[in-house]
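The values are calculated or read from the model by the stated rules, or taken from the named source; none is laboratory data. From a predicted model like this one, the values you see are computed outputs, not experimental measurements. All Cβ positions, even for glycine, are placed from backbone atoms using ideal geometry, and neighbour counts span all protein chains on display.
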Amino acid sequence: MKKLIKNGTIVTAADVYEAEILIEDGVISAIGHDLSAQNAEVIDVKGCYIFPGGIDPHTHLDMPFGGTVTKDDFETGTMGAAFGGTTTIIDFCLTTKGEPLKKALSEWHEKAKGKAVIDYGFHLMIGEINEEVLNELPDVVENEGVTSLKVFMAYKNVFQADDATLYRTMMAAKQHGALVMVHAENGDVIDYLTTKALEEGNTDPIYHALTRPPEVEGEATGRAARLAGLTDSQLYVVHVSCADAAERIAEARRKGIDVWGETCPQYLVLDQSYLEKPDFEGAKYVWSPPLREKWNQEELWTALRNGNLQTIGSDQCSFDFHGQKDLGKGDFTKIPNGGPIIEDRMTILFSEGVKKGRISLNQFVDLTSTRAAKLFGLFPQKGTIAVGSDADIVLYDPNVERTLSAETHHLAVDYSAFEGMKVTGEAVSVLSRGEFVVKDKQFVGKPGTGRFIKRAKYGQLTSTKDAAKQTSN
Ligand code: URP
Ligand code: ZN
Ligand code: ZN
Ligand code: ZN
């Protein structure tokens with residue numbers, strides 16, 4: 001059935017204006033005034049903003065890590081995402097050395113199948129470069145629609161790749177039109193510092209942060225950026241946590257190197273002192289890179305405002321406090337890294353960013369949706385409100401005040417990283433390709449309705465017509 005959205009204020013990365021939106025067959029068919037409501041369900045959204053659905057370019061759902069598996073999978077994770085206003089995620093597909101890339105991708109397709117309530121794509125981890133990998137890559141990019149490759153510079157003996165692998169991934173990415181993503185921390189130095197800390201009997205969660213100082217992230221960020229310059233390739237640095245790393249990205253961009261940076265809500269509002277919470281509660285706040293000294297937060301906001309950082313990912317990677325984070329009692333290196341952020345990603349940006357005057361409404365949309373769509377080959381099918389784009393739409397009440405809590409979130413995990421935090425703004429209703437997933441704050445979606453989206457190559461913007469063709473394939 002057609003839908004007509006009336007009386008709201010449309011916000012895109014470029015504009016703020018009042019108009020009606022007509023939705024037909026899952027796509028925005030008209031934007032204007034006095035549109036015909038014949039045969040259409042009329043949705044009156046007086047007082048609400050109308051945002052393009054959020055795009056979360058960084059999630060780990062149903063992912064094995066440190067001898068356990070994330071609590072939230074593609075069902076609960078995407079439900080939480082939808083409640084927060086996110087309508088597309090790009091999840092990281094892990095690979096195993098010596099095994100075909102395609103095998104890893106099929107495994108990830110299986111994880112999502114029948115579960116996702118919103119659309120999704122995959123990034124592909126590259127752990128080694130050899131003949132087999134080089135032979136498979138063109139097909140992965142061209143035909144599988146997986147156009148971003150992830151290299152870990154940390155997690156020694158687990159995910160970490162060496163610099164030659166990073167260099168060769170960049171060369172291949174340049175050739176085939178993929179975007180290289182890095183987890184930028186110096187894994188070798190971290191390995192030394194963590195071993196030493198444990199030998200000295202320093203086992204509490206706070207030592208997770210103290211053994212991964214900002215210099216270790218800044219160094220790896222700068223190194224990756226230099227290699228991107230050397231290979232004349234393209235680089236996206238995930239989860240930038242500190243001023244040091246943000247400055248390395250700014251420096252590379254000033255030199256004209258094609259480098260982009262993402263930060264996450266946790267680094268904007270939480271700080272290193274959270275790791276010192278008593279009764280092992282600090283384990284809830286263990287991320288890699290770690291939370292930083294508080295002064296870094298304003299530096300990150302400034303980088304978002306002035307364009308030196310361009311996107312917000314959640315780095316959703318949830319583990320229960322009881323039963324999973326517990327694994328690291330008496331040894332901080334065994335605390336599974338990560339936290340539940342997917343649901344609150346846009347809320348925090350809106351409440352702490354827009355409402356507190358740090359970023360504009362247009363910047364909010366760009367940071368949480370449009371820029372990721374452009375970088376990851378989803379635009380303009382996703383990431384904006386335009387005729388021909390998917391009707392992925394958030395109807396947002398900018399004035400409601402509420403308190404974030406595990407009591408009210410929609411994830412499976414047993415805690416909230418933002419427990420007790422007061423925020424302003426909430427997604428009231430959320431549509432994915434023209435169908436309500438959340439309606440008046442109630443879940444009305446269905447697991448399995450989310451579709452895998454084949455993404456365009458890096459830098460190759462498609463027209464809405466091309467985009468529509470791609471989805472129906
Ligand atoms: O601590 C984190 N960030 N966990 C998720 C895995 C990663 O490094 O992104
Ligand atoms: Zn990472
Ligand atoms: Zn991550
Ligand atoms: Zn809960």
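May I ask you to verify whether residue 275 is more than 16 Å from ligand 2 (Cβ to nearest atom) and either touching a residue at least 24 places away in the same chain (Cβ under 8 Å) or closer than 17 Å to residue 366 by Cβ (or both)?
On the way: more than 16 Å from ligand 2 (Cβ to nearest atom): yes; either touching a residue at least 24 places away in the same chain (Cβ under 8 Å) or closer than 17 Å to residue 366 by Cβ (or both): yes.
Taking the combined requirement at face value, the residue satisfies it.
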### Task
Run down 416, 429 and say which single residue is of a type in the set (S, T, N, Q), outside any loop (DSSP other than H, G, I, E, B), touching a residue at least 24 places away in the same chain (Cβ under 8 Å) and not assigned by TED's automatic domain parsing to the domain that holds residue 110.
429
### Message
Quick check on region 186-196. Is at least one of its residues surrounded by 24 or more Cβ atoms within 10 Å (Cβ to Cβ) and in a loop (DSSP other than H, G, I, E, B)?
### Response
no
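Answer with yes or no whether residue 452 is surrounded by 17 or more Cβ atoms within 10 Å (Cβ to Cβ), among the aromatic types (Phe, Trp, Tyr) and either at negative phi or away from ligand 3 (no atom under 16 Å from the Cβ) (or both).
On the way: surrounded by 17 or more Cβ atoms within 10 Å (Cβ to Cβ): yes; among the aromatic types (Phe, Trp, Tyr): yes; either at negative phi or away from ligand 3 (no atom under 16 Å from the Cβ) (or both): yes.
Yes: the conditions hold for residue 452.
Are any residues in region 14-30 under 17 Å from residue 1 (Cα atoms) and in contact (Cβ under 8 Å) with a residue 40 or more places away in the chain, and if so, which ones? Even if it seems obvious, please write down each step before you answer.
Going through region 14-30, the residues under 17 Å from residue 1 (Cα atoms) turn out to be 20-30.
Selection gives 21, 23, 24, 25, 26, 27, 28, 29, 30.
With respect to residue 92, is the statement that it is touching a Pro at 6+ places or on another chain (Cβ under 8 Å), among the aromatic types (Phe, Trp, Tyr) and either surrounded by fewer than 21 Cβ atoms within 10 Å (Cβ to Cβ) or in contact (Cβ under 8 Å) with a residue 12 or more places away in the chain (or both) true?
Details: touching a Pro at 6+ places or on another chain (Cβ under 8 Å): no; among the aromatic types (Phe, Trp, Tyr): yes; either surrounded by fewer than 21 Cβ atoms within 10 Å (Cβ to Cβ) or in contact (Cβ under 8 Å) with a residue 12 or more places away in the chain (or both): yes.
When the stated conditions are applied, residue 92 does not pass them.
I need the full set of residues from region 16-45 which are of a type outside the set (Val, Ile, Thr) and surrounded by 14 or more Cβ atoms within 10 Å (Cβ to Cβ), in order please. Lay out the reasoning, then the answer.
Let us first name the residues in region 16-45 that are of a type outside the set (Val, Ile, Thr), namely 17-20, 22, 24-26, 29-30, 32-41, 44.
19, 20, 22, 24, 26, 29, 30, 35, 37, 40 - these are the residues of region 16-45 that are of a type outside the set (Val, Ile, Thr) and surrounded by 14 or more Cβ atoms within 10 Å (Cβ to Cβ).
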### Task
Have a look at 387, 354 and point out the one that is touching a Gly at 6+ places or on another chain (Cβ under 9 Å), within 21 Å of residue 17 (Cα to Cα) and not aromatic (Phe, Trp, Tyr).
354
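Would you confirm whether or not region 246-254 contains a residue that is in contact with a Phe, Trp or Tyr (Cβ under 8 Å, 6 or more places away or on another chain) and surrounded by fewer than 23 Cβ atoms within 10 Å (Cβ to Cβ)?
First, the residues of region 246-254 that are in contact with a Phe, Trp or Tyr (Cβ under 8 Å, 6 or more places away or on another chain): 249.
Add one more test, that the residue is surrounded by fewer than 23 Cβ atoms within 10 Å (Cβ to Cβ), and what stays is none.
For region 246-254, residues in contact with a Phe, Trp or Tyr (Cβ under 8 Å, 6 or more places away or on another chain) and surrounded by fewer than 23 Cβ atoms within 10 Å (Cβ to Cβ): absent.
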### Query
Out of all the residues in region 95-123, which are out of contact with any strand residue (DSSP E or B) (no Cβ under 9 Å at 6 or more places or on another chain), without any contact (Cβ under 8 Å) to a residue 24 or more places away in the chain and either in a helix (DSSP H, G or I) or among the basic types (Lys, Arg) (or both)?
103, 106, 110
### Query
Before we move on, is residue 272 of a type outside the set (A, V, I, L, M), farther than 18 Å from residue 413 by Cβ and away from ligand 1 (no atom under 15 Å from the Cβ)?
no
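Just name the residue that is farthest from residue 127 (Cα to Cα) out of those in region 95-113 that are buried (at least 21 other Cβ atoms within 10 Å of the Cβ) and not aliphatic (A, V, I, L, M).
Restricting attention to region 95-113, the residues satisfying the condition of being buried (at least 21 other Cβ atoms within 10 Å of the Cβ) are 95, 101, 108, 112.
Narrowing further to those that are not aliphatic (A, V, I, L, M): 95, 108.
Details: 95: 7, 108: 16 Å.
The extreme case among them is 108.
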### Summary
Reported set for region 22-61 where residues are within 28 Å of the chain's Cα centre (by Cα), hydrophobic (A, V, I, L, M, F, W, C) and within 24 Å of residue 371 (Cα to Cα) is 23, 27, 28, 48, 50, 51, 55, 61
### Query
For region 112-150, what are the residues that are within 16 Å of the chain's Cα centre (by Cα) and closer than 27 Å to residue 289 by Cα?
120, 121, 122, 123, 124, 125, 146, 147, 148, 149, 150
### Query
For region 235-259, which residues satisfy the criterion of being under 21 Å from residue 315 (Cα atoms) and not in a helix (DSSP H, G or I)?
235, 236, 237, 238, 239, 240, 241, 242, 259
### Query
Given the residues 166, 179, 193, 230, which is the only one that is without any contact (Cβ under 8 Å) to a residue 24 or more places away in the chain, away from ligand 4 (no atom under 16 Å from the Cβ) and aliphatic (A, V, I, L, M)?
193
## Note on the structure
Here the residues within region 46-79 that are β-branched (Val, Ile, Thr), surrounded by fewer than 21 Cβ atoms within 10 Å (Cβ to Cβ) and under 19 Å from residue 105 (Cβ atoms) are 69
#### Entry: From 156, 115, residue being of a type in the set (Lys, Arg), at pLDDT 95 or above and away from ligand 1 (no atom under 16 Å from the Cβ)
115
### Query
Restricting attention to region 233-292, which residues are over 25 Å from residue 423 (Cβ atoms) and β-branched (Val, Ile, Thr)?
237, 249, 257, 259
### Query
Residues of region 137-177 being buried (at least 18 other Cβ atoms within 10 Å of the Cβ), of a type in the set (A, V, I, L, M) and in a loop (DSSP other than H, G, I, E, B), which ones?
146, 153, 154, 161
### Query
Which residue pairs have Cβ atoms under 8 Å apart, sit 6 or more places apart or on different chains, and have a first residue in region 383-409 that is outside the structural domain of residue 445 (by TED's automatic domain parsing) and a second that is within 16 Å of ligand 2 (Cβ to nearest atom)?
409/340
### Message
For residue 80, only one of the following conditions fails: (1) within 16 Å of ligand 2 (Cβ to nearest atom); (2) closer than 30 Å to residue 50 by Cα; (3) not in a strand (DSSP E or B). What is its number?
### Response
(1)
